[in-house]
Amino acid sequence: MEEDMEAGVVKKFMYVNRKQPYGTVYALEVLEMVLISAAFDQDVHLVFTDDGVLQLKKGMDTAAIGMKNFSKTYRALEGYDIEKLYVDQESLDERGLSEDDLLVDVQVVSRAEMAKLMDDMDVILTA
Amino acid sequence: MEEDMEAGVVKKFMYVNRKQPYGTVYALEVLEMVLISAAFDQDVHLVFTDDGVLQLKKGMDTAAIGMKNFSKTYRALEGYDIEKLYVDQESLDERGLSEDDLLVDVQVVSRAEMAKLMDDMDVILTA
Amino acid sequence: MKFAILVNEGPFNHQASDSAYQFVKAALAKGHQIFRVFFYYDGVYNASKLSEPPTDDRNVVANWGKLAEEHKLDLVVCVAAALRRGIKDENLAPGFRISGLGQLIEAGIQADRLVTFGD
Amino acid sequence: MKFAILVNEGPFNHQASDSAYQFVKAALAKGHQIFRVFFYYDGVYNASKLSEPPTDDRNVVANWGKLAEEHKLDLVVCVAAALRRGIKDENLAPGFRISGLGQLIEAGIQADRLVTFGD
Amino acid sequence: MSLLHTVSKSPFERTNLQSCLKLATPGSAILLYEDAVIGAMQGTALADLVADAAKSCKLHVLGPDLAARGLDASKVLPGIAVVDYAGFVDLAEQASAVQAWC
Amino acid sequence: MSLLHTVSKSPFERTNLQSCLKLATPGSAILLYEDAVIGAMQGTALADLVADAAKSCKLHVLGPDLAARGLDASKVLPGIAVVDYAGFVDLAEQASAVQAWC
């Protein structure tokens with residue numbers, strides 16, 4: 001990792017993804033934020049809850065809607081040392097999904113555990 | 001009423017208002033549509049359902065949010081021969097409102113009656 | 001059949017404009033007529049010629065312009081909604097024109113169906 | 001206390017920008033510092049100098065510009081979000097500047113609180 | 001002829017689909033597209049509600065939006081037809097009018 | 001110190017408030033503003049849910065947004081405090097961080 005750009009200030013950043021990909025741009029523009037915060041060497045946490053769990057679904061094919069499939073970017077996050085990815089079990093269950101449906105390794109937690117994690121953050125960015 | 005501008009073509013237009021005023025611009029911009037369709041002498045029906053019933057709430061005071069209070073416009077609709085206003089009872093009930101809370105005269109109907117009315121329309125514009 | 005199309009959301013932030021575009025292409029392929037495409041609310045942002053998406057993504061504004069040119073589509077941006085949001089002749093993309101809401105009502109009257117995308 | 005503000009929705013279509021403006025005014029009145037106001041997603045439309053609302057309504061873009069001038073606020077528009085949506089130097093309203101997303105992350109690091117308006 | 005109701009927003013995020021189902025009369029067509037396609041899948045918390053609606057209304061879901069989201073068209077609820085954009089056009093043509101719940 | 005959760009969208013239109021209530025831990029502050037203020041009123045279909053939340057979280061509602069919508073501040077649910085923009089600022093100051101559910 002590079003040296004900290006902010007003279008040692010490392011904050012706990014959490015990005016909360018609550019929306020599907022493609023229907024809106026949020027998933028894509030959150031990824032842009034996430035990649036930048038890695039450059040600032042912050043302690044980055046990515047949360048996928050509610051419809052946000054669908055961002056990680058395997059097997060997307062966007063050819064027929066004429067939009068770019070950006071799901072590969074989630075696989076690339078590891079290369080930026082972004083490894084703290086959380087998904088809550090209830091959101092998966094509600095959508096009939098399981099951990100096997102996801103294209104990256106995540107920590108599957110309960111909503112109660114996610115709530116505790118969130119309480120501990122310094123900066124939370126949600127979309 | 002003026003002579004029909006479209007050589008006698010009169011269609012049943014329905015405007016379905018589903019959103020609160022102020023939180024979004026839809027209520028205001030729907031009113032702009034409604035006034036124009038009156039100029040085209042169309043058969044205009046205004047429906048207020050879901051949060052749309054809040055557009056007709058008495059006693060709005062927008063001074064502290066710095067936005068224009070446009071609720072007077074609903075009172076002016078009569079002057080444009082727009083008199084078919086419908087509100088569904090269930091949407092009022094869910095929000096703890098009654099017909100007395102509304103600033104204009106409307107027909108309060110059931111959702112079933114509103115559904116029938118909607119089925120009969122030629123053009124439906126919803127926001 | 002004659003279709004009129006209403007697009008109510010801006011490009012990129014919502015899929016509505018993309019869906020409308022695919023619908024129009026499919027309707028034209030079936031031999032239907034597109035009487036008019038009207039842009040209202042944030043939909044007026046679809047007409048900004050300054051929009052410059054990443055080169056690896058679709059270009060929503062340019063795609064509408066191209067389709068309009070190929071099929072002589074009438075793409076109309078609501079003047080009142082556009083003024084509020086800063087869309088004017090000086091930043092209007094090729095293929096679009098700015099006009100009044102009456103153009104939407106007329107489309108509703110003249111077309112067989114009005115199909116709305118986005119809110 | 002040092003606040004950073006994030007505005008994620010465009011003017012007029014949503015109240016988010018209005019609420020953020022009222023929040024900033026109230027924070028300044030209490031003697032707080034506004035480290036930066038960052039405009040992301042459709043929030044970048046708040047910086048269009050071509051926006052011309054009806055004269056009997058508030059002027060969201062001009063209000064931000066005036067507040068920035070009075071209080072030396074740093075109003076930053078995300079360059080990537082702005083390019084997609086057609087906000088560039090040529091239509092940028094006075095008081096705003098275009099810069100990278102790093103400015104948002106820096107604001108998150110430097111400010112005591114980041115408060116987000118709209119999605 | 002009856003209405004075509006279209007729904008584009010996710011039924012997990014917004015109440016548009018629920019409002020649509022309250023006002024869609026028996027025999028009407030309903031099309032789920034964009035983020036709403038998740039509502040057509042088997043095994044979700046909304047599956048019973050949607051399967052029930054499919055008994056009185058003609059439910060459809062847009063295949064291209066399923067594929068984009070990695071959702072398997074073979075796992076949509078029974079009674080829901082998968083269509084493409086051309087099918088969307090046909091539905092609009094066959095309806096008396098189109099009501100967009102967004 | 002604990003979080004301030006803000007909710008601006010109507011709980012009748014979107015599920016943001018419901019998601020917020022699932023993740024807000026006891027003792028957290030919650031502010032309803034913009035279209036979400038309807039959730040603070042007595043007599044609505046959501047009143048029980050919100051009154052329940054007010055037992056474990058510190059609920060607030062923005063007065064200016066109530067007034068704009070013609071909603072009577074004297075009829076908000078017991079246990080919900082009405083604040084103005086200055087009060088919103090105070091809530092943000094007193095919180096460890098602010099989570100916007102929008």
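Figures for the structure shown
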{"read-out": "For D:G31: the one exception among (1) touching a helix residue (DSSP H, G or I) at 6+ places or on another chain (Cβ under 9 Å); (2) assigned to a loop (DSSP other than H, G, I, E, B)", "value": "(1)"}
{"read-out": "Of the criteria (1) among the aliphatic types (A, V, I, L, M); (2) at pLDDT below 95; (3) more than 21 Å from C:V115 (Cα to Cα), which one B:I36 fails", "value": "(3)"}
{"read-out": "Pick from region D:24-43, criterion buried (at least 24 other Cβ atoms within 10 Å of the Cβ) and more than 19 Å from D:I98 (Cα to Cα), ranking: nearest to the other protein chains (Cβ to nearest Cβ)", "value": "D:A27"}
{"read-out": "Residue match in region D:9-25 (condition: part of a strand (DSSP E or B) and closer than 27 Å to F:D35 by Cβ)", "value": "yes"}
{"read-out": "Sole residue being under 25 Å from C:Y41 (Cα atoms), touching a residue at least 60 places away in the same chain (Cβ under 8 Å), of a type in the set (D, E, K, R) and within 11 Å of chain F (Cβ to nearest Cβ), chosen from B:K57, B:K19, B:K11, B:K68", "value": "B:K19"}
{"read-out": "Yes/no for B:E2 being farther than 18 Å from C:L114 by Cβ and at pLDDT below 95", "value": "yes"}
{"read-out": "Pair list, Cβ under 6 Å, 6 or more apart: region F:15-30 residue of a type in the set (S, T, N, Q), other residue surrounded by fewer than 20 Cβ atoms within 10 Å (Cβ to Cβ)", "value": "F:T25/A:A115; F:T25/A:D119; F:S28/F:S2"}
{"read-out": "Test: residue in region D:44-53 that is more than 9 Å from chain C (Cβ to nearest Cβ), among the polar types (S, T, N, Q) and within 15 Å of the chain's Cα centre (by Cα)", "value": "yes"}
{"read-out": "Elements of type helices (runs of 4 or more DSSP H) in region F:1-74, at least 1 residues being over 24 Å from D:Q15 (Cα atoms)", "value": "F:16-23, F:47-56"}
{"read-out": "Residue in region B:23-54 that is surrounded by the most Cβ atoms within 10 Å (Cβ to Cβ), counting only those that are free of Cβ contacts under 8 Å to residues at least 12 places away in the same chain and more than 14 Å from chain F (Cβ to nearest Cβ)", "value": "B:I36"}
{"read-out": "Residue that is more than 8 Å from every other protein chain (Cβ to nearest Cβ) and hydrophobic (A, V, I, L, M, F, W, C), where the choices are F:L66, F:L3", "value": "F:L66"}
{"read-out": "Failed criterion for D:R58 (all others in (1) within 7 Å of another protein chain (Cβ to nearest Cβ); (2) in contact with a strand residue (DSSP E or B) (Cβ under 6 Å, 6 or more places away or on another chain) hold)", "value": "(2)"}
{"read-out": "Selected residue (only one of F:S2, F:S56, F:S10, F:S74 is free of Cβ contacts under 8 Å to residues at least 24 places away in the same chain and either crowded, with 24+ Cβ neighbours inside 10 Å or out of contact with any Lys or Arg (no Cβ under 8 Å at 6 or more places or on another chain) (or both))", "value": "F:S74"}
{"read-out": "All positions within region A:52-102 that are more than 17 Å from A:L35 (Cα to Cα), among the acidic types (D, E) and assigned to a helix (DSSP H, G or I)", "value": "A:E90, A:D93, A:E94, A:E99, A:D100, A:D101"}
{"read-out": "Residue in region E:13-27 that is surrounded by the fewest Cβ atoms within 10 Å (Cβ to Cβ), counting only those that are among the polar types (S, T, N, Q) and within 29 Å of A:S91 (Cβ to Cβ)", "value": "E:Q18"}
{"read-out": "Condition broken by B:S110, with the remaining ones in (1) within 11 Å of another protein chain (Cβ to nearest Cβ); (2) more than 24 Å from F:T44 (Cα to Cα) satisfied", "value": "(2)"}
{"read-out": "Verdict on A:D81 being touching a residue at least 60 places away in the same chain (Cβ under 8 Å) and among the charged types (D, E, K, R)", "value": "yes"}
{"read-out": "The one condition in (1) more than 9 Å from chain E (Cβ to nearest Cβ); (2) out of contact with any helix residue (DSSP H, G or I) (no Cβ under 8 Å at 6 or more places or on another chain); (3) more than 19 Å from A:Q107 (Cβ to Cβ) that A:K84 fails to fulfil", "value": "(3)"}
{"read-out": "Conditions (1) free of Cβ contacts under 8 Å to residues at least 60 places away in the same chain; (2) surrounded by 20 or more Cβ atoms within 10 Å (Cβ to Cβ): number failed by F:E93", "value": "(2)"}
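This table checks each residue for (1) within 14 Å of chain C (Cβ to nearest Cβ); (2) without any contact (Cβ under 8 Å) to a residue 24 or more places away in the chain.
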residue	(1), (2)
D:W64	yes, no
D:L67	no, no
D:H71	no, no
D:V77	yes, no
D:R85	yes, no
D:L92	yes, no
D:G100	no, yes
D:I109	no, yes
D:L114	no, no
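Residues checked against (1) modelled with pLDDT under 95; (2) over 26 Å from C:F117 (Cβ atoms); (3) not small (G, A, S):
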{"position": "B:I65", "(1), (2), (3)": "no, yes, yes"}
{"position": "B:S71", "(1), (2), (3)": "no, yes, no"}
{"position": "B:Y86", "(1), (2), (3)": "no, no, yes"}
{"position": "B:Q89", "(1), (2), (3)": "no, yes, yes"}
{"position": "B:V109", "(1), (2), (3)": "no, yes, yes"}
{"position": "B:A115", "(1), (2), (3)": "no, no, no"}
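The values are calculated or read from the model by the stated rules, or taken from the named source; none is laboratory data. Not measured: the values here are computed from a predicted model. Every residue, glycine among them, receives a Cβ derived from its backbone with ideal geometry; neighbour counts consider all protein chains shown.
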